[in-house]
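Asks: This is the structure I want to talk about, given as C-alpha cells.
The values are calculated or read from the model by the stated rules, or taken from the named source; none is laboratory data. In this text the structure is predicted, and so the values were computed from the model without any measurement. Cβ sites come from the backbone with ideal geometry, for glycine too, and all protein chains shown count toward neighbours.
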Amino acid sequence: MEVGRAEAAEGVTRVLVVDDSPVDRRVAQLLLSSSSCAGSFHVIAVDSAKKAMEFLGLNLMDGKGQAVDMVLTDYSMPDMTGYELLKAIKAMNLLKPIPVVVMSSENEPQRISRCLNAGAEDFIVKPLQSKDVQRIRSCSTARPNKGSAPCEAATKRTPPPPSGHHAAGGAASASGRRGHFAGVAMILHSSSAELSQYFPLLVKLVLLAYAVLCLGEILHRWSSGGGGGRSLSL
Amino acid sequence: MAAAALREQLNALLASMFASGLVDEQFQQLQMLQDDGSTPGFVAEVVTLFCDDADRIISELAALLEQPVVDFDKVDAYVHQLKGSSASIGAQKVKFTCMQFRQLCQDKNRDGCIMALAVVRNEFYDLRNKFQTMLQLEQQIQAQQ
C-alpha cells in the first residue's frame, strides 16, 4: 500500500483532527495553531471517522492517501467511533505506524485502557486545553526542529504516560499496573521507527518493573520467612 | 467613548460572567490564548460557532420532545453534544444543566426533559446576550486603536 510520504517541512507536524462537533474541531485547531511552543502544527479537520479513513486512503485497496504525522480523534462519534478508527489505522499502517491520540469527554478508566490496549499513544480527557498540546506534540512522528527553542509551556519534558494520566483517581492499581505493562508492550510495538527516542524511557520502565517485582519478592519472603531461615534466593 | 472606558466595561462584564458561574476557567484559558497574540479573533470565532451550534441543537431537541413518542436516545445524543461543546468553550452553567438533562433522558422522564430544555434555552440566551455584548465591546475597542 503506497501512502505518499513527502518529507515534512522542518518542525511542522501534520495533524488530522477527527471530531463531529464543529466547536471542538475549531477549539482543537486553534489550540494547536496558537501553541507558543517551537514547531508548528498544520491541522486538517474532518467531521467523521469515515472522512478520516478516506483522507488517509484506508478504505481503498490501493490506499492512496495523504500523509499525516498523527491523528487526534474524538472517541464518541455517530456511525463509526474513534475507537474503531483507531483500530483501523493501527491495522493498516504496520510499516509506517501513525500515532493516534484519542480524546473524550468521559473520564472512564475502561474506555482509557481499551484505547491504550488498542495502540493509542495517549488518551486526553476533554475539554482540550493548552497544557495538552505538548502531550499531543510528543506523540507525533514528526522530526522536531533541530534548532528550536525549548517549549515555554512545558516545564519539563513529559513522555506520554502509558497508563493514561487523566485516569480517574479511583481506578484500581491493578488496572493501572496492567495499563503500565500494556504501555510497555505498546512502546515496544511502536518503537520500530523511533527506537532511539524511546530507549531511555524503555530502560527506565524495565528497571522500575524489575525493582517493583524484587521488592515484592523481598517483602513476601520477609513476612513469610519468619520461622525458617533468612536465606534469600531470588 | 474612550478605549479605556470601554475596556473597563468589558472587564466588568467578564468579571461578572465569571462570578455568576456563567463561564469557567476553560473560557479564561481561551481568552488568555487570544491575549497571547498569535491568534487574534480566536474567542469571537469559537463563541460564534458555539452559539450557532447550540441554537441548532436546541431546535432539534424541541422538535424531538414534541413527538407523541419521544426517542430518548436521540435526545440524549444531542444533549451530550451540547454538553461537550459548552465544556470546550467554558460555558459552565449550560454544561451543568446539560448534565442534569442527560440524567432525565436516562430516566426517560418526558416532563423533566421538557423543563430541562426550557432551563437550557434560557441559560443559553442569557449567555448569548452577554457574549454579543462582549464581542461588540471588543470591536469598539479595536476600532479605537
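Asks: Of the numbered conditions (1) modelled with pLDDT under 80; (2) buried (at least 17 other Cβ atoms within 10 Å of the Cβ); (3) among the aliphatic types (A, V, I, L, M), residue A:6 satisfies every one except a single condition; which is it?
Replies: (2)
Asks: Right, another one. Pick from B:7, B:56: which is of a type in the set (Lys, Arg), surrounded by fewer than 19 Cβ atoms within 10 Å (Cβ to Cβ) and away from chain A (no Cβ under 12 Å)?
Replies: B:7
Asks: A follow-up question, please. Restricting the search to region B:53-103, which residues are small (Gly, Ala, Ser) and touching a helix residue (DSSP H, G or I) at 6+ places or on another chain (Cβ under 8 Å)?
Replies: B:54, B:62, B:84, B:85, B:86, B:87, B:88, B:90, B:91
Asks: I need the full set of residues from region B:34-52 which are facing chain A (nearest Cβ under 7 Å) and surrounded by fewer than 21 Cβ atoms within 10 Å (Cβ to Cβ), in order please.
Replies: B:36, B:38, B:39, B:45, B:49
Asks: Pick from region A:47-71 the residues that are closer than 17 Å to residue A:84 by Cα and among the acidic types (Asp, Glu): which of them is modelled with the highest pLDDT?
Replies: A:47
Asks: Could you please let me know if residue B:93 is within 14 Å of another protein chain (Cβ to nearest Cβ), of a type in the set (Lys, Arg) and assigned to a helix (DSSP H, G or I)?
Replies: For residue B:93, the condition - within 14 Å of another protein chain (Cβ to nearest Cβ), of a type in the set (Lys, Arg) and assigned to a helix (DSSP H, G or I) - is not met.
Asks: Further question on the same structure: Considering only residues of region B:21-31 that are more than 8 Å from chain A (Cβ to nearest Cβ) and part of a helix (DSSP H, G or I), which is farthest from residue B:90 (Cα to Cα)?
Replies: Taking the candidates together, the pick is B:31.
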